[in-house]
Amino acid sequence: MAKKQIPLRIGEKLYNALAAWAEDDFRSLNGQIEYLLTECVKQRRKDGKYVGEKIDEAIAVSYTHL
């Protein structure tokens with residue numbers, strides 16, 4: 001099955017946090033996003049619950065390791 005391409009719009013802070021995390025895990029940014037989405041779907045299947053009610057709220061990001 002071929003992978004589908006989708007446009008994704010995210011804020012700069014979230015982009016930077018994901019990019020740093022991807023670098024820490026030796027993944028591309030696209031690979032990191034795919035990994036995280038896959039893990040969320042697995043968790044949803046396990047417990048039948050959504051990831052969280054506050055999923056759309058802004059996140060606090062610390063850049064102390066950069």
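Things worth noting here:
- Residue in the stretch 49-62 that is open to solvent by 100 Å² or more (accessible area, probe 1.4 Å) and modelled with pLDDT of 75 or more present: no
- Among the residues making up the stretch 1-14, those that are open to solvent by 100 Å² or more (accessible area, probe 1.4 Å) and either under 17 Å from residue 37 (Cα atoms) or not in a loop (DSSP other than H, G, I, E, B) (or both) are 3, 4, 5, 6, 7, 8, 9, 12, 13.
- The residues of the stretch 15-40 that are aliphatic (A, V, I, L, M) and open to solvent by less than 70 Å² (accessible area, probe 1.4 Å), listed by number, are 17, 18, 19, 20, 22, 29, 33, 36.
The values are calculated or read from the model by the stated rules, or taken from the named source; none is laboratory data. Bear in mind that the values here come from a model prediction, so they are computed numbers and not experimental data. Surface accessibility is based on the protein's heavy atoms, side chains included, excluding ligands, DNA and RNA. Shrake-Rupley method; radii C 1.70, N 1.55, O 1.52, S 1.80 Å.
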